[in-house]
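As structure tokens, the structure follows; a few thoughts come after it.
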Amino acid sequence: MSDFHGIIFAYGAVPELGELVKKRTASSLPFCGRYRLIDFALSSLMNAGIHDVGVIMRRDYQSLLDHLASGKDWDMGRRIGGLRMLPPFGLPEYHRGDYTGTIEALNAVSTYINDINAKYIVMMHGNTAANIDLRAAIRQHLRTGAEITAICTEDTPDYNHHRYIVGEDGFAHSMIFNQTTAGEGAASLEAYIISKELLLRMMETCKAENHYHFHRDAIAAYLANGGRVGVYYHRGYGKRIMSTQSYFAANMDMLKGEKRAELFPPERPVRTKTHEDVSTYYAEGSKAANCLVSDGCIIEGEIENCIISSDVRISRGAKLSGCVIMRGVQIAEGVMMKNVIADKVSEASAFQTIMGSEKLPVVLPKGTKI
């Protein structure tokens, strides 16, 4: 679709993710054993035939660069167009912190956006676990003649979110900000299809008035001036990862067949960086119940309701329940772990007991040895 260009926001560290984003952005968090969160936005765009995509970054993006490389795993490795990584080259030198809001992030790469040849831009956040049927959303956007279409969910997000009040004509004429519970309207997944012309007007107006936020400033002004926002409902699984608890819960959701089927429908495959590895070895006496285990692991102990990434070793006598174990983790003999997120290449020495809860999982930071 040459008339459409993708923009993925991958600059947010999301402080509520704590140690998990100390050295990476939320978009590059490992998910479901073999993926990164940004894979879902990239795959949604790829499945809609959108191969020109810009990824807006801010800092701590080395792991993101390593994962995305040239973009060939998502058919975006092109001489002209394709995947483009966008550092903050449009910010003044004195600006050292995070972006204040989405509009500021867009204005930081305004030169890139001005040079986009496409008529429409699809904007998505890289820390959203959702496989969105963008082809259907685009068809609706073109059919209704909307300048902007918000992709929403009928579910209630577990974080502060915005809700669009939808009229009988299918358009939103107003919105409610910073909701934490279920209520009137449709909850925004903060993904949009918007005309390039309208986006540039919003960016220029907000910059002139020292405004930084897409919803509170740009969308609110657009609606106040008589604008209408089209609403497309994403019916499948959709969760923005905004805290350690939501990250843990989303991984645990993937152990349920119906949730996994919503996120990984065969007609819209999710691609990721390819890793070739040997098959996982299950030793005699080991046990695995309702787990997702990647290649290259050695399982000698017992695991139940766990997400296990590649190159993990779980030694004899170890018992893990409800854990998210990232790449290269080493679990020694006799270790007892429940409701734990073990980041990459961390180690637990023999006969340790580490217990968290579903609401407050314990996090072993990357490279930790206990």
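Each reported figure results from applying straightforward, stated rules to the coordinates on display, with no laboratory input. Given the structure is predicted, the values throughout are model-derived calculations rather than measurements. Don't worry about glycine lacking a Cβ; one is built from the backbone with ideal geometry, like all the others, and counts go over all protein chains shown.
Note on TYR282 and ASP295: the model spin-label points, each 7 Å out from Cα along the C-beta direction, lie 1.8 nm apart. If you bin all the Cα-Cα distances of the range 103-258 at 10 Å, starting from zero, the percentages per bin are 10, 38, 37, 13, 1. For the chain, the longest principal axis of the Cα atoms and the long axis of helix 134-144 meet at an angle of about 20 degrees. In order along the range 115-121, the Karplus-derived 3J(HN,Hα) couplings, from 6.51 cos²θ - 1.76 cosθ + 1.60 at θ = phi - 60°, round to 7, 5, 7, 5, 7, 10, 10 Hz, and Gly and Pro are given as x.
Across the range 262-278, rounded Karplus estimates of 3J(HN,Hα) from the backbone phi angles (6.51 cos²θ - 1.76 cosθ + 1.60, θ = phi - 60°) give 5, 7, 10, x, x, 6, 10, x, 9, 9, 8, 5, 6, 10, 9, 8, 6 Hz, Gly and Pro being marked x. Taking a ≥ b ≥ c as the square roots of the Cα gyration tensor eigenvalues, with a/c under 1.5 meaning rounded and otherwise prolate when a/b beats b/c, else oblate, which class fits the range 224-272? It comes out oblate by the Cα gyration axes. If both residues of a DSSP beta bridge must be in the range 231-316, then about 0% of such bridges are antiparallel.
When exposed loop sites are taken as GluC sites (Glu not before Pro) in a DSSP loop with at most 11 other Cβ atoms within 10 Å, the longest stretch of the chain clear of them is 1-92.
For the options ARG163, ARG313, ARG139, a Gaussian network treatment of the chain with springs between C-alpha atoms closer than 10 Å singles out ARG139 as fluctuating the most. For the listed peptides 287-293, 44-50, a ranking on the average number of other beta carbons within 10 Å per residue, highest first, reads 44-50, 287-293. Using R0 = 25 Å, the C-beta based FRET efficiency linking ARG59 and ASN160 works out to 0.60.
Along the range 16-29 the Karplus relation, 6.51 cos²θ - 1.76 cosθ + 1.60 evaluated at θ = phi - 60°, assigns HN-Hα couplings of 5, 8, x, 4, 5, 10, 5, 10, 7, 8, 4, 5, 9, 5 Hz to successive residues, with x for each Gly and Pro.
Pairs of Cα atoms nearer than 8 Å and 6+ residues apart set the relative contact order; for the chain it is 15 percent. Just check the range 287-370 against the gyration tensor rule for me: Cα atoms, a ≥ b ≥ c as the square roots of the eigenvalues, rounded for a/c under 1.5, and otherwise prolate or oblate depending on whether a/b exceeds b/c. Rounded, because the longest to shortest axis ratio a/c is under 1.5.
When you count the other C-beta atoms within 10 angstrom of each residue and take the mean per peptide, 220-231, 120-131, 334-345 line up highest first as 120-131, 334-345, 220-231.
The angle separating the long axis of helix 244-253 from the principal Cα axis of greatest extent in the chain is about 80 degrees. Amide H contacts under 5 Å for ILE303: LYS287, ALA288, ALA289, LEU320, restricted to partners 5 or more places along the chain or on a different chain, H placed in the peptide plane at 1.01 Å from N. Using the Cα gyration tensor of the range 126-207, with a ≥ b ≥ c the square roots of its eigenvalues, what is the shape: rounded (a/c below 1.5), prolate (a/b larger than b/c) or oblate (neither)? It is rounded, given that a/c, with a ≥ b ≥ c, falls under 1.5. Charge tally around LEU83: other residues with Cβ under 15 Å, Lys/Arg +1 each, Asp/Glu -1 each, net +2. For the chain, the antiparallel share of DSSP beta bridges with both residues in that region comes to about 35%.
Under 15 Å from the Cβ of ALA218, count the other residues' Cβ atoms, weight Lys and Arg +1, Asp and Glu -1, and hand me the total. The answer is -2. Once the chain from LYS256 to GLU333 is taken as fully extended at 0.36 nm per residue, the excess over their C-alpha distance is 24.8 nm. Under 5 Å between amide hydrogens, built in the peptide plane, is the criterion, and for MET85 it picks out VAL55 among residues at least 5 positions away or on other chains. In degrees from 0 to 90, rounded to the nearest 10, what is the angle of the helix 196-208 Cα long axis to the longest principal axis of the chain? It is inclined by approximately 90 degrees. Amide H neighbours of ILE354 under 5 Å, counting only residues 5+ apart in sequence or on other chains, H built in-plane at 1.01 Å? Counting only residues 5 or more places away or on other chains, the set is MET336, MET337, LYS338.
Over all other residues within a Cβ to Cβ distance under 11 Å of VAL231, the charged ones net out to 0, with Lys and Arg as +1 and Asp and Glu as -1. Mean residue ellipticity, 222 nm, helices only, the chain: the sum of -39500 (n - 2.57) across DSSP H runs of n ≥ 4, divided by residue count and rounded to 500, is -5500 deg cm²/dmol. Approximating the spin labels as points 7 Å out from Cα along Cα→Cβ, the HIS173-to-THR205 distance works out to 1.8 nm.
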